[in-house]
There are 4 protein chains.
Amino acid sequence: MKKLKAGILGATGVVGQQFVKILSNHPYFEVTTVTGSAKSSGKTYGDATDWSATNYLPEIVIDMNVLDTDANAILRNDIDLVFSALPASIAYDLEDELASSGIPVFSNASAHRMRESVPILIPEINPDHLNLVSSQQYDGGFIVTNSNCSTSGLVFGLKPLMEFGIRDAIVTTYQAVSGAGRKGVGSMDILGNVIPFISDEETKIEQETRLILGKHENGRIIPAQFDVNASCARVPVLNGHLESVVVQLEGEFSVNQVIDAYNSFSGEPQALDLPTAPSNPIIVRLEPDRPQPTRDLSLHDGDLGMAVKIGRVRKHKNRLNFFLLVHNAIRGAAGASVLNAEFALAKGVLE
Amino acid sequence: MKKLKAGILGATGVVGQQFVKILSNHPYFEVTTVTGSAKSSGKTYGDATDWSATNYLPEIVIDMNVLDTDANAILRNDIDLVFSALPASIAYDLEDELASSGIPVFSNASAHRMRESVPILIPEINPDHLNLVSSQQYDGGFIVTNSNCSTSGLVFGLKPLMEFGIRDAIVTTYQAVSGAGRKGVGSMDILGNVIPFISDEETKIEQETRLILGKHENGRIIPAQFDVNASCARVPVLNGHLESVVVQLEGEFSVNQVIDAYNSFSGEPQALDLPTAPSNPIIVRLEPDRPQPTRDLSLHDGDLGMAVKIGRVRKHKNRLNFFLLVHNAIRGAAGASVLNAEFALAKGVLE
Amino acid sequence: MKKLKAGILGATGVVGQQFVKILSNHPYFEVTTVTGSAKSSGKTYGDATDWSATNYLPEIVIDMNVLDTDANAILRNDIDLVFSALPASIAYDLEDELASSGIPVFSNASAHRMRESVPILIPEINPDHLNLVSSQQYDGGFIVTNSNCSTSGLVFGLKPLMEFGIRDAIVTTYQAVSGAGRKGVGSMDILGNVIPFISDEETKIEQETRLILGKHENGRIIPAQFDVNASCARVPVLNGHLESVVVQLEGEFSVNQVIDAYNSFSGEPQALDLPTAPSNPIIVRLEPDRPQPTRDLSLHDGDLGMAVKIGRVRKHKNRLNFFLLVHNAIRGAAGASVLNAEFALAKGVLE
Amino acid sequence: MKKLKAGILGATGVVGQQFVKILSNHPYFEVTTVTGSAKSSGKTYGDATDWSATNYLPEIVIDMNVLDTDANAILRNDIDLVFSALPASIAYDLEDELASSGIPVFSNASAHRMRESVPILIPEINPDHLNLVSSQQYDGGFIVTNSNCSTSGLVFGLKPLMEFGIRDAIVTTYQAVSGAGRKGVGSMDILGNVIPFISDEETKIEQETRLILGKHENGRIIPAQFDVNASCARVPVLNGHLESVVVQLEGEFSVNQVIDAYNSFSGEPQALDLPTAPSNPIIVRLEPDRPQPTRDLSLHDGDLGMAVKIGRVRKHKNRLNFFLLVHNAIRGAAGASVLNAEFALAKGVLE
């Protein structure tokens, strides 16, 4: 198969770098275009980027020229799709313009998530939502988003519980600093501290979770009917959002039943054996003190960290209690978008 | 007034050191006896103690001889009361023995908290529980405990809400490492990490909260009738437990009503102007991102940190959401016991 | 004595806040003017400032109007002196303009430090350098600077050694993030990390140390003749620069002689009993593992942290080895400038 | 080739775990025996070990029985060599006993390092020191040690400089907490702090460096003639010792010459293409702010971290200044011992 030519919008930031890392050696896609802000454009990617990932910058992009994040500049390049790591403020118009010009857009930006015809796609959870794109009014192009980073973990904790009937879900987060971008959290603010506030995060979790777990009917999403109540805080952790979840269930349940439901959970990306899909999307830890950000993001050398880890599954009266861990920059951002593109390709939506 | 002679049991540990600090310059009590483990006893307090507080070791105790933590050794000294910072494992018998020998015991240990006749006293919250001591079968002595460190903050967040009717409370904690004692949490385990487990902590919070907020009737405590569901985690913070609280209320309420209830809350320690009582036991922060451990424990130089700080008061449907911060080593431990002794003295229970 | 009216330039930043804190209750000076950047001016100080100090914002400045950092705006106010916490880039011209308009300027900025007629004053170390101001060509005003934050500690470690003859000094630093200002070090860069680079810091230490320890002769400073070689790194510490110092001495020495020299060191601020002067400018710790940033900055509640702490004094062949700790924001910045103004007042240079 | 059967002594600790990780998939050695302390022996390795590495416990050892760390128990197993991660206190006798019983011992313990006939081997640096084992009086067995973790980095920074003539070397360290073992540094001691003391570390660096860089003549090591002066501190970093090095050179040199010497440095492990040898033992970073512990330990997924990284190479008069980074648990411990065994095998010393 000839690889599709991929552009990465906002390629020099934290999420953009993860796109570069994942796509630098991908079987379906090859990076041919990277864009950045005015202060990066015109430089090589190596010069423009303050690389923050553990491993070194992939050789393949070091000398690539950083384009201005401008539709005309991008469209002048020969690209088959784009991945967007743009800030929400500029994502709306630019992604719209590219989709209008026939480009499929896989976006980590929140800008289009609340539009009726734009799926917030997590292919293990709501694969049928991909069909929403057929109702988008773009000529050839389309927009598929992935969810907010905390939401991307929460829905894995909730989806397998839907068979028990969810009455409401209360989630409290311990979020890593990388979720705020490279300069988002100053060290004087977070060293030895917890900041009980992340702008807009609680609303995003509350809205997106119900949409992703909602039903696709007649070209629209009917949000899941249970309430989600989120409280978010930043902790001095580099990568990995931990979430404490308390779910009131309607039906009877035992801890073992829930663990079984998690362990047996699998989705279309697993059935299709997509390159970025983890073999088990949910991994249950039975130790008393897991999962933990520094120990459970990656299972082995080279593991991207796409699986969501769940632990401390407990029953408190009719409530289920557990902690989950999601790699915010991978399953909650760049990895999510790449998996969406792989899935769209497998389903023939992307060609 | 002649000062009462106080012993500090387990004086070399984290909480013991806070007792030393608070009592080194106290108007009612003077430290005359300090005890430690076998490896400390026989040394001076200065030599035996790896002082971990910010300020320097008070001169008054530097040369004090550390006694073995043994009832006979303690009783040989002329003491009017003891403060106990003992580990639970040895606290039960020793505190019992001292009380039996006529010594009032103000204990931070959990050992006796679940006994029917032993109050978990927080004098702003449940001052009448002090009366339980009259049903204790000790000859002259008695035991008064303070609560677990997380509980000591939570009850301030809940007490003023009881007028609205509490249906249930869900609390999720971000707990400082000092709560585990000097060697409790290894640095390899917590640097850049969150550990979603603290042994026994959730059960303590769930039980103690309902007892402290319960009614004293006919010499017994009827626990408060609402459910408390706790999830606890350790974060890389030195001092200060932050807690996210979600409370389902029965009655109508507005955020402003709740803030007013917090701001106007005051108790007997304030009315009695006790030395360790904060002028306002609850301080509401209206900024969007407070309270925070590194910024809100102490209000001014020399402030012990006895006030509980509450922020981000929000309404989500019929649930109240907020964050609170409590100084685990002060309001949650040594300061709490000292305030209890001051209160007992003011009420004539301690003489 | 009527208090002198003080302006604080750049009052909303990390160092500016320390000026506000120190001066909010000062016997000689009262804050009457605070200035900030364009985005702060016009607001009240309380609204414009993201207060980062542990204690709360002093009431006295909360409602003070923040002026634009502009000479005309400042001069319109009735001020007797200014303290400058400006960034070097704008400090040069503005401080020059104010001095030219007759205002004494006590500056933490580096802008004027390398001028021949401007003292880098540390009154315990080089009190006679204050006389340089008489050669400044300002009409009534003058400029006195304090040193770079790391230098301010190092010179206390070196000055008492000069009697032994210093051949060279090699210093390696562990610097706190507050030294870089509020947003200077991003959390993604420093959590669990060390950054072996601080822009211009090594040069500042190497130059300023030799000037401060130099001789004032005929209206000029002859730098000290020994070499200083600095290597600087940032560590995940909030406040307090630790420095490892290796000094090659010319004369014979013993560790005890050096400790005696440190312990007996005292200067004019001590003799004059200036308000901000510590009673002992150098405190030697004899424990094997001190000084430490979280434990040794402050000796007791309310201690500003003006004393430099020295520990691990060792002899390695003819080299003296030791560690020192300096409070970068106090002795290395705001406290240093305030002490300079107190000293200038005591000497009649400031009236 | 049939793999040699390897025992790991002290396999449950931090360094022991790294041995397990490296050897779980090694071309020359297979782990057949793991030993632990009395509280681990009799359990499976999975149950006995609080695994602290990022990746998960290799399957191959999960069910392996942990033996008591006792010579008889070990010798009852069929083993060809042992790797020792024992604490120094018990290493001396046990390693001696095993070597006497014909077992080659590759030890990370310091116990035997100062013996005349025991090499502190780093095969890129002093391959000929391996010959010392021929003078050991064991029947069939022998002992080869690797150096202290800080030393293992320093010698790479110094060896290529020897052609310029080293007069003396002053090293100041920023050491990770993992170097102290799993419970070595408590979190209350290091969060937001620096501890300027590591027991015995400075002496080890000063002695071992001169031995490793010394000459093997007539069956003995003549230590290198220059002085080494070390100052050590612990920083809140998980893995990776950073070291600031100041070297006085006798000959002329330029920064470029030194960088060339580092870049072109290679040794026998590279020539022999040993499995654990990095392709370049020294990697020079030219960026202004590198190397850094969180960014430079590993170059790519699966990279063990055996290369030493050097940066900020500067000239200050006749002194060379630079920073180096060494992975304390790999190049400074387990990886070093494994490379030593590979080298001994390649040289026919181990068969």
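No lab work stands behind these numbers, since they all come straight from the coordinates. These numbers come from a predicted model, not from an experiment. Cβ: placed from backbone, ideal geometry, glycine included. Neighbour counts: every protein chain shown.
Computed values, structure above
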{"item": "Ranked packing of A:32-38, C:197-203, A:4-10, most packed first, by mean Cβ within 10 Å", "result": "A:4-10, A:32-38, C:197-203"}
{"item": "Under-5 Å amide H pairs with residue A:143, H placed in peptide plane, nonlocal only", "result": "A:105"}
{"item": "Inter-label distance for residue C:287 and residue D:167, nm, one decimal - labels placed 7 Å from Cα along Cα-to-Cβ", "result": "3.8"}
{"item": "Shielding by other protein chains, D:280-286, mean Cβ within 10 Å", "result": "0"}
{"item": "Residue of chain B nearest the B-to-D rotation axis [by Cβ], rounded angstrom distance", "result": "B:187, 2"}
{"item": "Choice from C:190, C:212, C:74 showing the highest fluctuation, given a GNM over chain C with Cα pairs closer than 10 Å", "result": "C:190"}
{"item": "Using a Förster distance of 35 Å, the FRET efficiency for residue A:254-residue B:255 (Cβ separation, nearest 0.05)", "result": "0.35"}
{"item": "Antiparallel content of DSSP bridges confined to the protein assembly as shown, in %, to 5", "result": "50"}
{"item": "Largest to smallest principal axis extent of the C-alpha atoms in segment C:236-304, angstrom", "result": "40, 37, 18"}
{"item": "Within a Gaussian network of chain A (alpha carbon springs, distance under 10 Å), most fluctuating of A:317, A:309, A:21", "result": "A:317"}
{"item": "Shortest-first nm distances, residue C:167 label point to equivalent points in other copies (7 Å, Cα→Cβ)", "result": "0.8, 8.1, 8.1"}
{"item": "Shortest-first nm distances, residue A:227 label point to equivalent points in other copies (7 Å, Cα→Cβ)", "result": "1.5, 7.2, 7.4"}
{"item": "Centre separation in Å (Cα based) which lies between segment C:261-276 and segment A:241-268", "result": "67"}
{"item": "Beta bridge orientation in segment C:78-221: antiparallel %, DSSP, nearest 5", "result": "20"}
{"item": "Mean Kyte hydropathy of -0.5 or more with a Cα span along the axis of at least 24 Å, helices from DSSP in chain B", "result": "none"}
{"item": "Helix-only mean residue ellipticity at 222 nm for chain C, each DSSP H run of n ≥ 4 adding -39500 (n - 2.57), per residue, nearest 500", "result": "-7000 deg cm²/dmol"}
{"item": "Placed amide H near residue D:34: partners under 5 Å, 5+ positions off or other chain", "result": "D:8, D:67"}
{"item": "Under 5 Å, built H, 5+ apart or other chain: amide partners of residue A:167", "result": "A:248, A:249, A:250"}
{"item": "Within segment C:158-279, percent of DSSP bridges classed antiparallel, to nearest 5", "result": "65"}
{"item": "Gain on full stretching of the segment that runs from residue D:43 to residue D:73 - 0.36 nm per residue minus C-alpha separation", "result": "9.3 nm"}
{"item": "Förster radius 30 Å - calculated FRET efficiency between residue C:266 and residue C:227 (Cβ-Cβ, nearest 0.05)", "result": "0.60"}
{"item": "Between segment B:1-70 and segment C:161-210, the alpha-carbon center distance in angstrom", "result": "38"}
{"item": "At 7 Å out from Cα toward Cβ: residue B:271 inter-copy label distances (nm, ascending)", "result": "6.0, 6.9, 9.0"}
{"item": "Which listed pairs, of B:21/D:39; B:39/C:317; B:183/D:5; A:159/B:315; B:204/B:309; C:315/D:159, have C-alpha distances above 32 Å, in listed order", "result": "B:21/D:39; B:39/C:317; B:183/D:5"}
{"item": "Taking the convex hull of Cα positions in segment B:149-327, its mean projected area over all directions (nm²)", "result": "11.5"}
{"item": "Hz values of 3J(HN,Hα) by residue in segment C:40-45 - Karplus curve (6.51, -1.76, 1.60), Gly and Pro given as x", "result": "9, 5, x, 8, 6, 4"}
{"item": "The protein assembly as shown - convex hull of the alpha-carbon atoms, volume per residue in Å³", "result": "192"}
{"item": "Choice from D:292, D:257, D:207 showing the highest fluctuation, given a GNM over chain D with Cα pairs closer than 10 Å", "result": "D:257"}
